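Heads up, the thing below is written out as structure tokens.
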Amino acid sequence: MRTLSPPLTLVITTDAVGGVWRYALDLAGTLKGRALAVADDAPRLVEPLLIGLGPRPSEAQRDEAREAGVALDWIDRPLDWQVDGPEALAESGRALAAAVTAAGADLVQVNNPPLLPFLPAQLPRIAAAHSCLSTWWQAVRGETPPLNLAWHGAATAQGLAAADAVISPSRAFAAAMTAIYGPLPDLAVVPNAAVPVMAGQKRQVALAAARWWDPAKNLAVLDAAAEGALWPVEIAGPLEGPESSGPGRAGPRPVHVTHLGSLPHRALRARMAEAAIFVSLALYEPFGLSVLEAAGAGAALVLSDIPTHRELWDDCACFVDPHDPEAVRGALDGLIRDPALLGRMGLLATTRAATFSHARQADAMLAVYGRVLARHTADRGDAVP
């Protein structure tokens, strides 16, 4: 009978600014206590540790980590997209390396690929790519980043190339990265997941949620589309980004939508439970976790016609030209005028959302972890004289 070995310390990097927090916390909570066997070794229970950089988490976020039973450590260094050059990036990377070493990590999943090369090379290192400046500029601006940001593209390329495996949340984003950075090591597509939102009594409202200071979220078009729409459009999320937040920093001031502010996650889920329609006009979206959460709550989806949305939500969403406010308004009003269609689209979205489960995500991630650890174990064996 096989016995369990000592726990396997899995470090997952995170931040408190956007979707990476939700991704990392939910993944860590799902993996905690799962058994991972490598080759003929006895299974080891996964013990996750979140190590964060950038603006510190709110008390509500810390409470979430405590409730999930996930350990959380924080480094007072900026994120890769908040620094102004390679030297500052190296300072954040060295601070992360020190924290990872102190934690006694057996495996590290870095959700900020430019920081990965600073970690010890003998440590199994996985890069989970959730976005990058180069693919952002290509999708949003239609061009390569300006010269003053070229260093970040080079750092991202180095991080991806140094990884033992690369995780992408969608095939569309994997293709976008490969087009810019070339073939990536052991590239695996592992979709994100979300805890289902219990649908409530639906209100006659369309909801959208995003970091609105990011131009990729396309607030100006959504605001224009809301003018004269049959139902009000509500938006949740910050209008201004943290200091040194990259290309966005501050979004336009909306006039026709109702800004709900930056809601705690539970409050946002409550809004999703009540919203009859959810809208995302994103120009750039590697996955779209808020879309998944709203779909799970039974909201009919009105989405920008971009490759990621097509890949994940084809046949169960209304797709629109994200540059055409009248087309967006027409899609919203079309659903509102046809209650049967509205209900059917909500049901289709819920059915699709159920396929993106945390159990399925965890199984896929454990398979990647197992491959990486097996290769490292084999390499160590080959090195023994």
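With charges set only on the Cβ (+1 for Lys and Arg, -1 for Asp and Glu), what does the dipole of the chain come to about its Cα centre, in debye to the nearest 20?
Working: 31 positive and 40 negative charges, 141 e Å.
So the dipole magnitude of the chain works out to roughly 680 debye.
ALA154 sits among other residues whose Cβ lies under 15 Å from its own Cβ, and their net charge, with Lys and Arg +1 and Asp and Glu -1, is -3.
Near ALA208, the amide H atoms lying under 5 Å from its own belong to GLU234, ILE235, ALA236, VAL279; only residues 5 or more places off or on other chains count, and H is placed 1.01 Å from N. Relative contact order for segment 199-239: 58 percent, from Cα pairs under 8 Å spaced at least 6 residues apart, divided by residue count.
Quick check: the angle from helix 171-181's long axis to the longest principal axis of the chain, C-alpha only, nearest 10 degrees? With rounding to tens, the tilt is 60 degrees. In the chain, Cα pairs under 8 Å separated by at least six residues give a relative contact order of 14 percent. Across the options LEU281, ALA294, GLY18, the greatest Cα extent toward the positive end of the charge dipole of the chain (unit charges at beta carbon of Lys, Arg, Asp, Glu) belongs to ALA294. Sparsely packed loop sites in segment 1-51 (the trypsin sites (Lys or Arg not before Pro) outside DSSP H, G, I, E and B with at most 11 other Cβ atoms within 10 Å) comprise ARG2.
Which residue fluctuates most in the GNM of the chain (Cα springs below 10 Å): ALA362, ALA270, ALA206? The residue that fluctuates most here is ALA270.
Could you tell me what percent of the accessible area of segment 182-305 is made up of carbon and sulfur, with a 1.4 Å probe and every protein chain present?
Values: 2480 of 4660 Å².
So the carbon and sulfur contribution to the accessible surface is 53 percent.
How much net charge surrounds ALA88 when only the other residues with a Cβ under 12 Å from the Cβ of ALA88 are counted, with Lys and Arg +1 and Asp and Glu -1? Residues near ALA88 contribute -2 overall.
A Cβ-based charge dipole, computed about the Cα centre of segment 80-184 with Lys and Arg at +1 and Asp and Glu at -1, lands at about 240 debye.
Looking at segment 150-281, the DSSP beta bridges with both ends there are about 10 percent antiparallel. With a 1.4 Å probe rolled over the protein heavy atoms of all chains, the accessible area of HIS323, HIS358 falls in the order HIS323, HIS358, largest first. Toward the positive end of the charge dipole of the chain, with +1 on the Cβ of Lys and Arg and -1 on the Cβ of Asp and Glu, the farthest Cα among ALA193, GLY93, GLN82 is that of ALA193.
Taking the longest Cα principal axis of the chain as reference, the axis of helix 86-102 is set at about 60 degrees. Among beta bridges identified by DSSP and lying wholly in the chain, the antiparallel ones come to about 5 percent. In loop segments of segment 81-183 as defined by DSSP, the GluC sites (Glu not before Pro) with at most 11 further C-beta atoms inside 10 Å of their C-beta are GLU143.
Might you report the magnitude of the Cβ-based charge dipole of segment 1-66 about its Cα centre, with Lys and Arg at +1 and Asp and Glu at -1, to the nearest 20 debye?
On the way: 8 positive and 8 negative charges, 16 e Å.
Dipole size: approximately 80 debye.
DSSP finds beta bridges in segment 225-324, and of those with both partners inside it, around 10 percent are antiparallel. The angle between the Cα long axis of helix 59-68 and the longest principal axis of the Cα atoms of the chain comes to about 60 degrees, rounded to the nearest 10.
Taking segment 215-313, which chymotrypsin sites (Phe, Trp or Tyr not before Pro) meet the DSSP loop condition and have no more than 16 other C-beta atoms within 10 Å?
none
The values are calculated or read from the model by the stated rules, or taken from the named source; none is laboratory data. Since we're looking at a predicted model, the values are computed, not measured. Here Cβ is always computed from backbone atoms with ideal geometry, including for glycine, and neighbour counts include all displayed protein chains. Ligands, DNA and RNA are excluded from the accessible area calculation, which covers all protein heavy atoms including side chains. Shrake-Rupley method; radii C 1.70, N 1.55, O 1.52, S 1.80 Å.
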